[in-house]
Amino acid sequence: MSLSRRRSVPPPPGLLFEGADWDFDMLSRIYAAVEEVGLEELGLDIYPNQIEVITSEQMLDAYASTGMPLFYKHWSFGKQFLRNETLYRKGWQSLAYEIVINSSPCIVYIMEQNTATMQTLVLAHAAFGHNHFFKNNYVFRQWTDAEGIHDYLAFAKSYISACEERYGTDNVERFIDAAHALMSHGIHRSPRRQPMDLASEQRRERERREHGERLFNDLWRTVPEGKKRAGAKPEEERRRALLGLPEENVLYFLEKVAPRLQPWQREILRIVRLIAQYFYPQRQTKVMNEGCATYTHHRIMTRLHETGRINEGAFLEFLHSHTNVVMQPHFDDRRYGGINPYALGFAMMEDIERICLAPTDEDRHWFPDIAGRGDHMAVLRDAWANYRDESFVSQFLSPHLIRKLRLFRLVDDARADEVVVSAIHDERGYRDIRRALGRHYDVSRQDPNIQVVDVDLAGDRQLLLRHEMVDGIRLEPGDASRVLQHLADLWGYGVRLVEVEGDAIRATHDAQPRRPFM
């Protein structure tokens with residue numbers, strides 16, 4: 001069941017609900033009340049909302065397909081569904097109260113088992129907090145096409161279904177297996193010249209195929225015969241320029257120049273990498289996105305309580321859920337899994353509000369542009385629009401919050417006998433801590449820096465990749481071997497991955513293709 005919402009009629013005064021039960025008329029009144037606070041008081045700017053009420057089984061299905069309403073078929077999605085369903089039925093895993101999709105209209109899935117209070121909370125959190133962030137943050141504007149994603153997913157689903165009918169389900173699934181293995185290396189990390197336009201991607205499918213065939217002809221039909229000649233550096237530079245090397249987006253490189261792929265296989269690679277690219281902004285903004293949504297739902301729920309729209313019981317139910325969401329387990333707690341992005345994001349949003357409204361002398365020294373400014377929502381909206389996690393933490397993490405969260409910096413060098421506390425609560429330490437924490441959220445440091453650097457066209461057509469090690473961290477050998485095997489299968493010839501640290505080679509991995517794709 002669904003409920004599409006644009007701008008609502010203001011709700012009548014009085015309590016929105018009493019008790020846990022709700023119906024669609026009540027849900028409409030709740031949405032109108034939440035909307036009034038979100039748009040009029042907080043100044044949020046959102047896509048139109050489409051609210052979908054779903055069952056627990058539908059929520060499990062959404063988990064398996066990354067939350068998208070349409071997705072192509074693959075055996076791994078069924079495996080994920082069965083795993084989550086088993087854990088849920090045994091009581092070992094709970095389900096999210098909601099899932100929200102970066103699209104226009106913004107689709108918000110809410111669980112039918114939610115109480116009226118929780119429906120109010122998730123509408124505030126997802127339909128207004130996340131929705132505002134999706135629409136306004138520059139990373140999402142730069143890398144995603146909210147209006148085109150639904151049509152593109154429908155195209156992807158029908159295209160892969162047609163490929164299964166024509167080339168066989170097993171063959172297509174084996175090919176998607178290889179593409180999925182390289183999905184995290186199918187991303188452009190540099191800014192695009194133009195925003196993503198998924199509608200044009202569908203229209204240009206034939207043009208891309210013809211262009212790829214022309215590039216293939218120009219490149220592979222002019223392969224020099226015999227052994228490499230000495231002094232052929234200009235030819236090597238020309239070859240790398242023609243291939244666009246070095247190239248960090250491995251799937252993009254394969255799509256354009258892999259010599260043995262058929263046109264339908266190139267299009268599937270493009271589908272997989274465009275979907276990977278679509279989710280890339282969420283990895284860059286986890287703290288900010290969840291912080292924005294959590295701050296928004298806290299302010300909306302508090303305002304509804306202050307104006308008599310929800311009663312004490314509902315507000316206590318909300319506080320219980322909210323406290324669980326922003327809890328940060330201690331390092332020695334078995335629940336500890338690192339810094340909780342909800343906790344850090346919400347704490348930083350509240351701290352920015354404090355700095356704007358009631359700054360200390362320390363705040364005025366560290367944040368002269370916003371301390372005492374008064375209009376904290378304008379500052380928050382600007383931050384939500386113009387930063388990602390790395391820059392947001394580096395810019396706005398205050399000494400006050402560092403002390404409150406008891407943050408300090410450790411240097412744990414495997415080559416040293418002792419762990420060193422390198423930054424404490426002093427002027428230099430505050431800057432070092434927030435710089436280090438900002439780097440922690442830099443996705444380019446979290447993912448291995450692997451690039452295609454050359455192809456041996458004159459010899460055995462081996463593909464050469466290079467991993468630039470960061471902080472001495474090597475690839476896990478087993479994972480590297482398995483992923484490299486998938487890469488060799490897609491390339492159609494041997495591949496070599498070299499791990500380097502500075503000028504020193506630390507490891508080398510090789511793989512040869514197995515039986516070719518049909």
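The numbers here are math on the coordinates, done by the rules we state, and not lab data. Owing to the predicted nature of the structure, the values given are computational and were not obtained by experimental measurement. Every residue, glycine among them, receives a Cβ derived from its backbone with ideal geometry; neighbour counts consider all protein chains shown.
Using the Kirkwood radius over C-alpha pairs as Rh, can you work out the diffusion coefficient of region 447-511 via Stokes-Einstein at 25 °C, viscosity 0.890 mPa s, in µm² per second? Mind dumping the intermediate values first?
Numbers: Rh = 12.1 Å.
Result for D is 203 µm²/s.
For the chain, state the semi-axes of the equivalent ellipsoid (square roots of 5 times the eigenvalues of the alpha-carbon gyration tensor), sorted largest first and rounded to whole angstrom.
Values: eigenvalues 398, 186, 87 Å².
In descending order, the three semi-axes are 45, 30, 21 Å.
Once phi is turned into θ = phi - 60°, what whole-Hz ³J(HN,Hα) does the Karplus curve with 6.51, -1.76 and 1.60 give for every residue of region 122-139, x standing for Gly and Pro?
Result, rounded to whole Hz: 6, 5, 5, 5, 8, 6, 10, x, 4, 4, 4, 5, 4, 6, 10, 5, 5, 5.
Assuming a strict under-20 Å limit between Cα atoms, what lysine pair count do you get for the chain once near-sequence pairs (fewer than 8 apart, same chain) are dropped?
Lysine pairs, 8 or more places apart or on different chains, close enough: 4.
First measure r as the distance between the Cβ atoms of Arg482 and Asp426, then evaluate 1/(1 + (r/R0)^6) with R0 = 35 Å and state the FRET efficiency to the nearest 0.05.
0.15
Taking amide H positions as placed in the peptide plane 1.01 Å from N, state which residues far from Arg409 in sequence (5 or more) or on other chains have amide H under 5 Å from it.
Excluding prolines and chain starts, which carry no amide H, the hits are Ser422, Ala423.
What is the spin-label model distance, in nm, from Leu15 to Ser184 if the labels are put 7 Å beyond Cα along the C-beta direction?
5.0 nm
Counting only DSSP beta bridges with both residues in the chain, what percent are antiparallel, rounded to the nearest 5? Mind showing how you got there, number by number?
Values: 26 of 38 bridges.
Close to 70 percent.
Looking at region 66-142, which chymotrypsin sites (Phe, Trp or Tyr not before Pro) are DSSP coil and have at most 11 other C-beta atoms within 10 Å of their C-beta? Intermediate results must be reported in sequence, preceding the final value.
Values: sites: Phe71, Tyr72, Trp75, Phe77, Phe81, Tyr88, Trp92, Tyr97, Tyr109, Phe128, Phe133, Phe134, Tyr138, Phe140; in loops: Phe71, Tyr72, Trp92, Tyr97.
Qualifying residues, ordered by number: Trp92.
Go through region 79-128 and name the GluC sites (Glu not before Pro) that are in a DSSP coil and have 14 or fewer other Cβ atoms within 10 Å of their Cβ. Don't skip to the answer; put the middle values down first.
On the way: sites: Glu85, Glu98, Glu112; in loops: Glu112.
For GluC sites (Glu not before Pro) across region 79-128 that sit outside H, G, I, E and B with at most 14 neighbouring Cβ atoms in 10 Å, the list reads Glu112.
Suppose the Debye formula is applied to equal point scatterers at every Cα of region 298-408; what is log10 I(q)/I(0) at q = 0.24 Å⁻¹?
Log10 of I(q)/I(0), two decimals: -1.30.
DSSP loop (so not H, G, I, E, B), at most 14 other Cβ within 10 Å: list which chymotrypsin sites (Phe, Trp or Tyr not before Pro) in region 259-365 pass both filters.
Those satisfying the criteria are Phe331, Tyr336.
Which value, in Å³ per residue, describes the convex hull spanned by the Cα atoms of region 238-335? Write out the running numbers ahead of the final one.
Working: hull volume 20.3 nm³, N = 98.
Spread over its residues, the Cα hull of region 238-335 gives 207 Å³ apiece.
Taking the Cα atoms only, what angle lies between the long axis of helix 205-220 and the longest principal axis of the chain, rounded to 10 degrees?
40 degrees
Given a cut-off of under 8 Å on Cα pairs at least six residues apart, what relative contact order in percent is computed for the chain? Walk me through the numbers before you get to the answer.
On the way: 746 pairs, mean separation 74.1, N = 518.
With pairs under 8 Å counted, the relative contact order is 14 percent.
Could you tell me the relative contact order of region 332-402? Use alpha-carbon pairs under 8 Å, at least six residues apart, and round to a whole percent. The partial results should precede the final answer.
Numbers: 41 pairs, mean separation 22.8, N = 71.
Relative contact order of region 332-402: 32 percent.
Relative contact order, percent, of region 326-444 when contacts are C-alpha pairs under 8 Å separated by at least 6 residues?
About 19 percent, as a whole number.
Could you put Ser394, Ser190 in order, starting from the residue whose Cβ has the fewest other Cβ atoms within 10 Å? List each step's numbers first, then the result.
Numbers: Ser394 18, Ser190 7.
Going from sparsest to densest Cβ surroundings: Ser190, Ser394.
To the nearest 10 degrees, how steep is helix 477-491 against the longest Cα principal axis of the chain, on a 0 to 90 scale?
For helix 477-491, the angle is close to 60 degrees.
Output the 0 to 90 degree angle, nearest 10, between the alpha-carbon long axis of helix 24-35 and the longest principal axis computed from the alpha carbons of the chain.
90 degrees
Distances longer than 20 Å among the Cα atoms of region 31-106: what percent of all pairs is that?
Numbers: 1293 of 2850 pairs.
Of all Cα-Cα distances in region 31-106, 45 percent exceed 20 Å.
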